[in-house]
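**Q** Sharing a structure here in structure tokens format.
The values are calculated or read from the model by the stated rules, or taken from the named source; none is laboratory data. Source: prediction; values computed, not measured. As a convention, Cβ positions derive from the backbone with ideal geometry for all residues, glycine included, and neighbour counts pool all protein chains shown. With ligands, DNA and RNA removed, areas are computed over all heavy atoms of the protein, side chains included. Shrake-Rupley method; radii C 1.70, N 1.55, O 1.52, S 1.80 Å.
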Amino acid sequence: PWTPRPDTGTLIDPAVGSIDDLEIFLARYFPQMMVTAAVPTVIWLGALRQDWVSAAILLGTLPLIPIFMVLIGRQAEKLSERQIDRMNRLSGHFLDVVRGLDTLKRFGQSRQHGKTVYRQSEAFRSATMKALRVAFLSGMVLELIASLSMAFIAVAVGLRLIHGNISFQTALMVLVLTPEFYIPWRNLGAKFHDGLKGATAARKIFDLMDAPVYALAGGSERIHDPGPWPIRFDNVSFTYPSRTRPALSQVSLSIPAHGHLALVGASGSGKTTLAQLLLGSAPTAGDILVAERPLKTLDLDWWRSQITWVTQRPYLFSGSIRDNLRLAQPNATDEALWMALNQAYAWD
């Protein structure tokens, strides 16, 4: 089955905000996990050589930290996922409002939609504060466990030192090593919220990257005759999976070589769908023929390289006009650029 790609607003947050969260996860939380796995192990082995009783206490109190991290982490992870979902919806709605701002102003609806964006922003702020509250709670719990564990070891060492069951040098070494044993865990707790956000963002990004691309399988055929070529739609029909009404129903048209065709119709009549089907975005009922060859038999990568899409609102990237023109063909010569400008009536 074919499913439409996510709308632009849904893609904006994973492409911008989630990348930043993933960077924080990889640059801060993941290295701290490595430190937390290595440093306490080395310190525990050192404490074991000095005093096996203190080492046993360290080993006995250690499981409390990951247990509480898991218990709190499950709730925090759910809140983080909801927060990212709200952010995606907010991004999509805000982008739609900005794009349609001219139309909203003409119909006097800009203030109403501004209030809607404000309510969604407040809901997102509230969700963020809930997630932060859980993150701060996890940090407080880890600090409490670490402090109580260090206090327990200090009391045990002090009592044994009073009764002469441990030397002063050994007791001093154990008391020096004990805080270092828990410091990596405390630092991990401080970065716990960043880790959850990064892990959730990573799942969103990789789910998007691993999502199957539903399109025509295409073939390997290429047209060797010099273009342009005639294009013909032969009883083409297409229905979106989520709808019962077809977007296109038995459309037949012909575009001769060097010809021009204007599609005129109301919004939702299928103009964009027809253009997307010409790019091979989905299988159809009926045939799309290029130079009398079915589109489904053509090499789609090659076919798409033969098509130029000019949007309603062209965008010039920063740089020179030459840089913008060479986005389509990086190795184009100046003569080719001048010819393109003349053909587009843009030289003047």
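**Q** Among the residues in the stretch 167-174, are any in contact with a strand residue (DSSP E or B) (Cβ under 9 Å, 6 or more places away or on another chain) and either part of a helix (DSSP H, G or I) or on the phi > 0 side of the Ramachandran plot (or both)? Full working, then the answer.
**A** Applying the first criterion (in contact with a strand residue (DSSP E or B) (Cβ under 9 Å, 6 or more places away or on another chain)) to the stretch 167-174 yields none.
No, because not a single residue in the stretch 167-174 is in contact with a strand residue (DSSP E or B) (Cβ under 9 Å, 6 or more places away or on another chain) and either part of a helix (DSSP H, G or I) or on the phi > 0 side of the Ramachandran plot (or both).
**Q** Residues in the stretch 194-205: is at least one free of Cβ contacts under 8 Å to residues at least 40 places away in the same chain and in a helix (DSSP H, G or I)? Spell out how you get there, then give the answer.
**A** Taking the stretch 194-205 and keeping what is free of Cβ contacts under 8 Å to residues at least 40 places away in the same chain, we get 203.
The next check asks that each one be in a helix (DSSP H, G or I); those that pass are 203.
The answer is yes; a qualifying residue exists.
**Q** Follow-up. Could you tell me whether any residue of the stretch 126-149 is open to solvent by less than 30 Å² (accessible area, probe 1.4 Å), modelled with pLDDT of 80 or more, hydroxyl-bearing (Ser, Thr, Tyr) and assigned to a helix (DSSP H, G or I)?
**A** Scanning the stretch 126-149 turns up at least one residue that is open to solvent by less than 30 Å² (accessible area, probe 1.4 Å), modelled with pLDDT of 80 or more, hydroxyl-bearing (Ser, Thr, Tyr) and assigned to a helix (DSSP H, G or I).
**Q** Which of the residues that make up the stretch 92-108 are open to solvent by 50 Å² or more (accessible area, probe 1.4 Å) and touching a helix residue (DSSP H, G or I) at 6+ places or on another chain (Cβ under 9 Å)?
**A** Of the residues in the stretch 92-108, the ones open to solvent by 50 Å² or more (accessible area, probe 1.4 Å) are 94, 96, 98-99, 101-103, 105-108.
Answer for the stretch 92-108, where residues must be open to solvent by 50 Å² or more (accessible area, probe 1.4 Å) and touching a helix residue (DSSP H, G or I) at 6+ places or on another chain (Cβ under 9 Å): PHE94, ASP96, ARG99, LEU101.
**Q** How many of the residues in the stretch 158-171 are surrounded by 14 or more Cβ atoms within 10 Å (Cβ to Cβ) and of a type in the set (Ser, Thr, Tyr)?
**A** 1
**Q** Mind listing whichever residues of the stretch 328-348 are under 34 Å from the mean Cα position of the chain (by Cα) and loosely packed, with under 10 Cβ neighbours inside 10 Å?
**A** PRO330, ASN331
**Q** Being open to solvent by 60 Å² or more (accessible area, probe 1.4 Å) and over 35 Å from the mean Cα position of the chain (by Cα) is true for just one of VAL174, VAL155. Which residue is that? So that I can check it myself, show each step before the final result.
**A** Working: VAL174 fails: open to solvent by 60 Å² or more (accessible area, probe 1.4 Å).
Unique residue meeting the criteria: VAL155.
**Q** Moving to a separate point now. Mind checking which pairs have a first residue in the stretch 149-165 that is touching a residue at least 12 places away in the same chain (Cβ under 8 Å) and a second that is outside any helix (DSSP H, G or I) and among the aliphatic types (A, V, I, L, M), Cβ under 8 Å, 6 or more apart or different chains?
**A** Partner pairs satisfying both residue conditions: VAL157/ILE166; ARG160/ILE166.
**Q** Another question, if that's okay. How many of the residues making up the stretch 223-276 are surrounded by 12 or more Cβ atoms within 10 Å (Cβ to Cβ) and on the phi < 0 side of the Ramachandran plot? Reasoning before the result, please.
**A** We begin by selecting, within the stretch 223-276, every residue surrounded by 12 or more Cβ atoms within 10 Å (Cβ to Cβ); these are 223, 228-240, 246-251, 253-256, 269-276.
Narrowing further to those that are on the phi < 0 side of the Ramachandran plot: 223, 228-234, 236-240, 246-249, 251, 253-256, 269, 271-276.
Result for the stretch 223-276: 29.
**Q** How many of the residues making up the stretch 277-301 are part of a loop (DSSP other than H, G, I, E, B), buried (at least 17 other Cβ atoms within 10 Å of the Cβ) and not β-branched (Val, Ile, Thr)? I'd like the intermediate steps shown before the answer.
**A** The first filter runs over the stretch 277-301 and keeps only residues part of a loop (DSSP other than H, G, I, E, B), leaving 279-284, 291-292, 299.
Narrowing the set further to residues that are buried (at least 17 other Cβ atoms within 10 Å of the Cβ) leaves 280-282, 284.
Narrowing further to those that are not β-branched (Val, Ile, Thr): 280-282.
Total meeting the criteria: 3.
The rows are residues; the columns are (1) among the basic types (Lys, Arg); (2) in a loop (DSSP other than H, G, I, E, B).
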{"position": "ARG243", "(1), (2)": "yes, yes"}
{"position": "SER249", "(1), (2)": "no, no"}
{"position": "SER252", "(1), (2)": "no, no"}
{"position": "LEU263", "(1), (2)": "no, yes"}
{"position": "ARG304", "(1), (2)": "yes, no"}
{"position": "TRP309", "(1), (2)": "no, yes"}
{"position": "PHE317", "(1), (2)": "no, yes"}
